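Quick note: the coordinates plus some simple rules give every number you see, no bench work behind them. Computed from a prediction, not measured in an experiment: that's the story for all the values here. Please note: Cβ atoms are built from the backbone with ideal geometry, for glycine as well, and neighbour counts cover all protein chains shown.
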Amino acid sequence: MFRSAQHDNVPSVVSPRVINIEDLRRAAKRRLPRVVFDYIDGGAEDEQTLRANCHAFEGVTFRPRCAVATPACELSVSVLGASLSMPLILAPVGSSRLMYPRGEEAAAGAAGAAGIAYALSTLSGCRLEDVAAKSKGPLWYQLYLVGGRDCALSAIERAKAAGFSVLVVTIDTAVSGMRERDLRNGVKELLSGNLASMLPFVSQLLIKPRWLAGFLTDGGLMKFPNVVIPEKGPMLYADVTAALEHSVVTWDDLEWIRQAWGGPIVIKGIHTEDDARRAVNAGADGLVVSNHGGRQLDSVAPTLRILPEVVASVGDQIEVLLDGGIRRGSDIVKALCLGARAVMVGRAYAYGLGAAGGAGVARAIEILRADLVRTLKLLGCPSIAELDRSYIDVPAGWPAA
């Protein structure tokens, strides 16, 4: 059921070979070159926030209602006007095409088949129109201002025309984070085009021949077809880091972005109650409590720890989502108990994509769905709509709801 025949002989991702997200992580590590796997797996600097995002869930414990029959559990939820089969959205993951041929199309297709939303990164290797054609579910477009305002306006118009329903504006990338794994793996040298500089790092690609064959068949190193520079064409992969440093999103930018889009807008990268209130005041329809998966500023608090502060500050004025550290369906339940309407996952499905393409993404979604149902039944809760803080205990010192 979850085998894929395109481009390379991908491993089976069915049980008992793969029973959780960590199994998909290990499968991705086996298939991908180190430089690509560490791009997914790594974080900024000492990776304290990367680890803390996951560990925060361990500190929250459940308070189940026992001797309660829950023959069926209701998982569906409405997020920004769209009905989702479960409170899960696939977060924007840049350069997914490096992980698997036509990676963004594969992930969007798996999300649509599962009845959940998929958010496409500006820094996608596939045209947004091609991604839209592969999905039957809700599509969100994540916006960076790389390439300048005119370039962003063009992408917004294309996204509207292609049927994307929500615009996600990421605000925590004033510069790229210090991702030390990328430096050690020779990302800069591999992108330089200088053979002498590339040579010490090429072996990590050559020892993964199945991945390499798929990568070359898919066109090799991609450009960014949704960042079209006037008179130059799609942005080159090697140019993106410098471009990010000259394309900071400010609160003032949200006015023209909102006018150009004309639909629901989500602000991604909220760390504090102050920024949450600014998102409300800027007219956003949703926000994502996010630290970019620990890939930007290290030593910020884990998102689950910040969630109650944000929820308390905005009430029901805006829909609150969360990402960061989610590896199990029980993590989703904990986030919902603390006030999130739904969650976004990045690495959890990217591991699946790197392991087995669309089949791996579908398996990641299936794992999280099964986890979610099992957790609700063991809690004695028939519906995600009934989850609240009474189902959990939080560590001392966490903010009140």
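Observations
- Amide H contacts of Ala82 (H built 1.01 Å from N, in plane; Pro and chain starts excluded): no residue 5 or more places away or on another chain comes under 5 Å.
- Overall form of segment 149-284 per C-alpha gyration tensor (a/c, 1.5; a/b vs b/c): prolate
- The eigenvalues of the Cα gyration tensor, multiplied by 5 and square-rooted, give segment 21-393 an equivalent ellipsoid with semi-axes of 32, 24, 20 Å from largest to smallest.
- Inter-probe distance in nm under a simple model that places probes 7 Å from Cα toward Cβ, at Val373 and Trp256: 4.9 nm
- Between Ala196, Ala152, Ala82, the Gaussian network model of the chain with springs among Cα atoms under 10 angstrom shows the greatest mean-square fluctuation at Ala196.
- More than 17 angstrom apart: percent of Cα pairs within segment 357-401: 52 percent
- Label separation (Val202 vs Val14): 4.1 nm, computed from points 7 Å beyond Cα along the C-beta direction.
- Potential lengthening between Val68 and Glu180 on full extension [0.36 nm per residue; Cα-Cα distance subtracted]: 35.4 nm
- If you wrap the tightest convex hull around every Cα atom of segment 275-376 and split its volume per residue, you get 108 Å³.
- Computed E for Ala242/Glu157 - FRET, C-beta separation, R0 22 angstrom, nearest 0.05: 0.30
- Choice from Asp316, Asp371, Asp218 showing the highest fluctuation, given a GNM over the chain with Cα pairs closer than 10 Å: Asp316
- Hydrodynamic radius by Kirkwood, which averages 1/r over all alpha carbon pairs of segment 66-106, in angstrom: 13.4 Å
- Taking the Cα centre of the chain as origin and assigning +1 to Lys and Arg Cβ atoms and -1 to Asp and Glu Cβ atoms, the resulting dipole is close to 1460 debye.
- Share, in percent, of DSSP beta bridges within segment 21-393 that are antiparallel, nearest 5: 25 percent
- Segment 28-112 shape via C-alpha gyration tensor axes, a/c threshold 1.5: oblate
- Loop sites in segment 230-282: chymotrypsin sites (Phe, Trp or Tyr not before Pro), DSSP, at most 15 other Cβ within 10 Å: Trp251
- Quarter the surface of the alpha carbon convex hull of segment 150-194 and you get the mean projected area, 5.5 square nanometres.
- Rounded to the nearest 500, the 222 nm mean residue ellipticity of the chain from helices alone is -13000 deg cm²/dmol, with -39,500 (n - 2.57) taken per DSSP H run of at least 4 residues.
- Partners for Lys160 among lysines (Cα-Cα distance below 18 Å; same-chain residues under 8 apart left out): Lys134, Lys136
- Cα-projected label distance for Ser390 with Asp130, points at 7 Å along beta-carbon direction, nm: 5.2 nm
- Taking a straight Cα-Cα cut-off under 17 Å and skipping sequence neighbours fewer than 8 places away in the same chain, the aspartates and glutamates within cross-link reach of Lys208 are Asp8, Asp38, Asp218.
- GNM on the chain, alpha-carbon springs under 10 angstrom: the most fluctuating residue among Ile89, Ile257, Ile207 is Ile207.
- The phi torsions of segment 233-240, fed into the Karplus equation with coefficients 6.51, -1.76 and 1.60 and a -60° offset, translate into couplings of x, x, 5, 6, 4, 5, 8, 5 Hz, rounded to whole numbers, with Gly and Pro shown as x.
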